[in-house]
Every structure is written in C-alpha cells, then in structure tokens.
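Take a look at the structure set out below.
The values are calculated or read from the model by the stated rules, or taken from the named source; none is laboratory data. Keep in mind it's a predicted model, so treat the numbers as computed, not measured. In this analysis, Cβ positions are derived from the backbone assuming ideal geometry, glycine residues included, and neighbour counts consider all displayed protein chains. Ligands, DNA and RNA are excluded from the accessible area calculation, which covers all protein heavy atoms including side chains. Shrake-Rupley method; radii C 1.70, N 1.55, O 1.52, S 1.80 Å.
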Amino acid sequence: MAAVENMTFDELKEKALLLPLLPGVYIMKDAQGTIIYIGKAKALKNRVSQYFANLASHTPKTVKMVSQICDFDTIITSTEFEALLLECALIKKHKPKYNILLKDDKGYPFLRLSKEAYPRFSIVSKPAEDGARYFGPYAGRSGAKKALDTALQTFKLPTCSLKFPRDIGKNRPCLNAHIGRCCAVCSGQVSQKEYNQLVGQVCRLLEGKYQGLAKEIEEEMEQAAEDLQFERAAALRDRMRAVEKLGNSQLIFSGALSDLDVIACGLRGSRACIVMLNYIGGNLLDKKKEFLDGVSQEDVGDLLEGFIKQYYTLTQRSPRVVLVSHPLEDEEMLAQWLGMLRRGKVYVQVPQRGEKRKQMELALENAEQELELLEKREQKTAKSLEQLAEVLGLDDPPRRIEAYDISNLAGTGTVAGMVVLKDGRFARSAYRKFKIRDAQGGDDYGSLAETVERRLRHAEEGDAGFLPLPDLMLIDGGQGQVNAVQQVMDAHGCTVPVFGMVKDDHHRTRGLMDGSGREFGIKTMPAVFAMVGNLQEEVHRFSITYQKSLRGKSIKESTLSRIPGLGEQRIRALRRKFGTIAKIRQADVEELAQVVPHNVAVSIRNYFDGEGQRTEETT
C-alpha cells in the first residue's frame, strides 16, 4: 500500500470527533498505509474517539496499536448488523495484524462432493459457491484425508481419477475392484442410482448420522436375505458392522456439522489458548485449538468474539447452540448473525450450571492442558537449542536455523531446498526452492555455493521472503560442502556460522562438522540429536520432492508433445485451463475444444483413449 500522510495524535483525535453517530466500520492504518486493525461500531464517533482518549484505561495491546495509527478510514452502514457483516468480510480479506487471526484457511480443510451425475469427493481448503456439498471443517488435512479414505473404503467407492459415465466400460477393473475395495463403477455393473445411493450413505456417515444409517443398512440386509440374495446380504452385513464400528470410534465425524460448540479461552501469562469442542447428540466429536500471544485478561472477551467471527465466516455454518466461557459485548448480534448462517435460531450462552456448565469446564480444562503442554515443549526446545549452542561454541542459542540440501537425477535437473527451523519448530512458510542454473552436472559444491549466493543476494536487496538471516546454517554434507558455502559467506561479509550435517554408513545422521573437518558429536544429547536428524530428513524430503515434481512436469509435457497438433503454445493453454495432465486426460472433446481446435481436441481424446487400450493389451 502507498504510504499515508502521518497525522499527529491530536489530529487523529480531532478527526474522530468529527465522525457521525452512525453505525459503520473503521479501518486503522500505519505509516505505510497498511491496515493494522478493523472494527465495527454502533456509533462511529463514540467508538473511534475512545482510542484517542484516556489511554491509561487501554490494554497494553491497544496502547501499542494506537501508537502505530497514522490515519483511519470509515465506512458508514445502515445498521450495526450490516457493520458486523462488513467487518467480518474485511478482516478475512486484509488479515490485519492487530485483529484476532486464525491460522491459514488451509488449517481447516473441507470435504467437497461435486455436483454431477456421478459425484466425487475431494479435499479442499474452503467452501465455494459452486453448488457442491461441503463437509467440515476438519482440524487438519490429515484428519480430512483419514475421514475420506475410511468412508470410501467402507462403501467401496472408487478412488481413481476416472470420470463417469465417460470412462465406463473402457478399461478392465483395476486391482482395487479385484480385491473387493471398489464397487467397480467402471465395469458398468453398478447403475447410476446404486452409485448415488452409496454416495448418499457416505454423506449421512460424514454428517454423524451413523445410527440411523446402520439401521437402514440392516433393513436392506434383511430384505436381501429374504430375497435369497445371500452375497449381497453378506456385503451389507459387513458394511453395517463397519458403520457401527466407526460410530463407536467417532473419528470420522470430526468434520460433521455439530449441534453444539463449546468455546473456552484459557490464559497463562501473556499467552491464551482458545479451545472449541464440537458435539453432536451429546457426543464429543472433535477439538480445535488456537494459541495467541501478547494478550491479557481484559482481552479475553475480544479474543472469543474475534474467534467466533473468523471461524464461522470461514465455515459459513453454525450449530444450534454456542457456549462461551466469558460474556461477550455483542452476544445478541452474534447470535443473529450465526442464525443467518444456520437459517434458524442460534443461542449464544455463558453456561452457569448443569450439563452445559460441565461441558464448559471440560473445554476450560483442555485449554489449560494445551497451554501447559506448549510451555513444556518450549522449555524442552529451549534446552535443546542451548545444548546445541554449547557444543558448537555459539554465543547464543540459535533461534532461526536454515538447512540446505541438493537433489538431482544422475546429474540432471539439479535443485536445492532450504528449510527453516524457528524456535525449534519447522516454519514451512519460510521454506524456499532453487533451480540450479550455473553449476553443471552433479557438482554439489558449486550448486550449494550458487544457492547460498542467491539467498544472500535476495536478503541484501531487502526481499522480505529471505529475511532475517539465520543464526545458524546447516548443510547436508561434510567438510567440502561447508567450505564451498563458507567462501560465499565470506565474500558477502556474512558471519553466520556454517556446519555440515554428516551421516554414518547407514545414511543416518552422525554429527556436525565445520570447515576444518572437526566433527562435533551430538549422539550423547538425545534431544539435540533428534532435532538435527529431523532437520536433515526434512530438508532432504523437501528438496527431493521438488526435484521429482519438476521431473514429473517435464515427463507430462513430453507426453503432450507426442500428440499431433500440440505445440508449446497449445500445451501451455491446456495447462492454464485444466491445471494437471490428469484433468486433461479426463476432459471430453467438447471441453478440450474450448482451448484448441476441434480436430486437435479429437486427437488428444483419441491419444488418451488409445493409451488405455495399449495398457490393456500389455497386461
């Protein structure tokens, strides 16, 4: 954003007093014009002017924010409720640093069921207005994948990339069909009605309605037995037992739409933990948590309110009852807003007694436990970093550690990966990839030198993605690799210490080595040994995954280039339209003809159809 003209405190105060006594949204900006806070008000004049009066009554967080305000904008709305809707939308868009911010949307994935003749499930980051059905959110991508895999396996639905009905009857059923893990829609023996019935049962399972579903399957089983369809009855019996087993474990339903959410905020020092417990029919299904730093007891109400606004803005769905651990200033309005999402009345309450109070106490206990566990992990990590600094002779424990590794295939397609360990935890948003341009063949030394040279140059140019510099740099390799990097560091006047991560004969982490060949043993310090070993494995995984992805892309491009009529421009156009080779393979002639001439679209379709026939002929 463009820088704004800095206003003095008195000028800001005067500007606030000129605001109308109308509802709206206010947008605070710093000296660079960056939005740092967004709020709503019933009366803009009263609310905004409070920030510039009686500073002694503000929390430390608010005082810090006010000190950075150089200007503000306002948007007048018709009602306070309209201001609430606008506030939620603007916070989601701009993510101001002084608003309560949840983790990235990717932290709460959804299962998506496409809207088509043969609908398919997939995992997405957030819902879209596309007519599809969504289940979630799940606490993490691994949880969503586990739920989906379990549901598909239970009902033997396909997991392949075939598109139905287009690919029905084109190929022989795959191994999953032969071992009884897929109903083999591709064989043509499963009707569209039967397929959609199975999908509907998966939906009921994901919604947590497993008891009624098990009863329904049992009735189908009994009917099949009466009709002397004993194989079908046996299959239904197995499915019913699987659903009942899943119901007892309740793991699959963690993304189901709960009818009760319990949200509690625990505080320890200046750190808060918000815990949400999701219930269906009185059964606890899932727990979500968020940690926030730099808060005080006075902030708890605002923390809960901010969490509620952002979480339900993300999910676009609400339970019938939301219990909170502390009173909220906008309790009634939040209930009205949640009711709009639910399309029915929603109750927001602070429980005082009975079963609801017990559920709240459980949520508070979970928040306290999470804070205690995090504190213990941080203490353990701090101790490990102190030991690492001591063994390497560093002045201070390294808070930011960067690790580098080189990957290639027989000397070709060389890449480098950089991973970052910040305060003992992997900071994946700080990872960086490099395509090696100058170093030739399998020249690890030259590749590392080029990588670090480019990394330091980015930092010198002020690239925020490469700042700050690390406190310690670890290289996958020994003395030669360290010296190659050290020469680059010296040329840039960089004093960051560099060590190599050396391995034993079994390719496992052995210790650390400096440029003189002196090795530092860390096996006697299990926590340090584990941390360095994990770092070495992670940078190796990251770099080799990148190298494989580029290799796969190259193979895919060469596959397309073998099709008559497809040159570089048309291949690029196809990839822009469809994204992946799998989606190009699934597209029909009409879809392909939107990008390339019709005769070329026919060639593409014929090529991939023939590919399937060639595969069948060779089996």
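Data overview
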read-out: Residues located in segment 405-439, provided they are open to solvent by 60 Å² or more (accessible area, probe 1.4 Å), in a strand (DSSP E or B) and closer than 25 Å to Glu386 by Cβ; value: Lys422, Arg425, Phe426
read-out: Pairs with Cβ under 7 Å, 6+ apart, first in segment 475-486 and over 10 Å from Asp444 (Cβ atoms) and without any contact (Cβ under 8 Å) to a residue 12 or more places away in the chain, second open to solvent by less than 10 Å² (accessible area, probe 1.4 Å) and outside any helix (DSSP H, G or I); value: none
read-out: Members of segment 163-187 that are under 30 Å from the mean Cα position of the chain (by Cα) and either surrounded by 18 or more Cβ atoms within 10 Å (Cβ to Cβ) or within 16 Å of Arg120 (Cβ to Cβ) (or both); value: Lys163, Phe164, Asn176, Cys182
read-out: Residues of segment 498-511 satisfying the condition of being among the acidic types (Asp, Glu) and open to solvent by 40 Å² or more (accessible area, probe 1.4 Å); value: Asp505
read-out: Criterion violated by Ser549 - all others in (1) crowded, with 16+ Cβ neighbours inside 10 Å; (2) closer than 30 Å to Ile584 by Cα; (3) not aromatic (Phe, Trp, Tyr) satisfied; value: (1)
read-out: Test: Thr495 is hydroxyl-bearing (Ser, Thr, Tyr) and either farther than 22 Å from Val532 by Cα or surrounded by fewer than 16 Cβ atoms within 10 Å (Cβ to Cβ) (or both); value: yes
read-out: Test: residue in segment 56-67 that is touching a strand residue (DSSP E or B) at 6+ places or on another chain (Cβ under 9 Å), in contact (Cβ under 8 Å) with a residue 12 or more places away in the chain and either under 30 Å from Ala147 (Cβ atoms) or not aliphatic (A, V, I, L, M) (or both); value: no
read-out: Any chance Ala242 is more than 18 Å from Glu372 (Cβ to Cβ), open to solvent by 10 Å² or more (accessible area, probe 1.4 Å) and at pLDDT 80 or above; value: no
read-out: Residue match in segment 144-165 (condition: assigned to a helix (DSSP H, G or I), under 22 Å from Leu277 (Cα atoms) and either out of contact with any helix residue (DSSP H, G or I) (no Cβ under 8 Å at 6 or more places or on another chain) or at pLDDT 90 or above (or both)); value: yes
read-out: Members of segment 307-334 that are open to solvent by 10 Å² or more (accessible area, probe 1.4 Å), free of Cβ contacts under 8 Å to residues at least 40 places away in the same chain and closer than 19 Å to Cys265 by Cα; value: Pro327, Leu328, Glu329, Glu331
read-out: Criterion (among the β-branched types (Val, Ile, Thr) and free of Cβ contacts under 8 Å to residues at least 12 places away in the same chain) met by exactly one of Ile179, Ile168; value: Ile179
read-out: Some residue of segment 135-152 being closer than 28 Å to Val589 by Cα and touching a residue at least 60 places away in the same chain (Cβ under 8 Å); value: no
read-out: Subset tally (residues that are in contact (Cβ under 8 Å) with a residue 60 or more places away in the chain, in contact with a Gly (Cβ under 8 Å, 6 or more places away or on another chain) and surrounded by fewer than 18 Cβ atoms within 10 Å (Cβ to Cβ)) for segment 522-543; value: 0
read-out: Count - residues of segment 464-482 that are surrounded by fewer than 19 Cβ atoms within 10 Å (Cβ to Cβ), touching a helix residue (DSSP H, G or I) at 6+ places or on another chain (Cβ under 9 Å) and farther than 15 Å from Cys494 by Cβ; value: 2
read-out: Count - residues of segment 134-162 that are crowded, with 17+ Cβ neighbours inside 10 Å, over 27 Å from Glu290 (Cβ atoms) and not hydrophobic (A, V, I, L, M, F, W, C); value: 3
read-out: Residues being at pLDDT 90 or above and either crowded, with 20+ Cβ neighbours inside 10 Å or over 22 Å from Tyr98 (Cα atoms) (or both) - total across segment 260-289; value: 13
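Let's see how each residue does on (1) assigned to a helix (DSSP H, G or I); (2) within 24 Å of Val528 (Cβ to Cβ); (3) at pLDDT below 95:
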residue	(1), (2), (3)
Met340	yes, no, yes
Val348	no, no, no
Leu364	yes, no, no
Lys376	yes, yes, yes
Pro398	no, yes, no
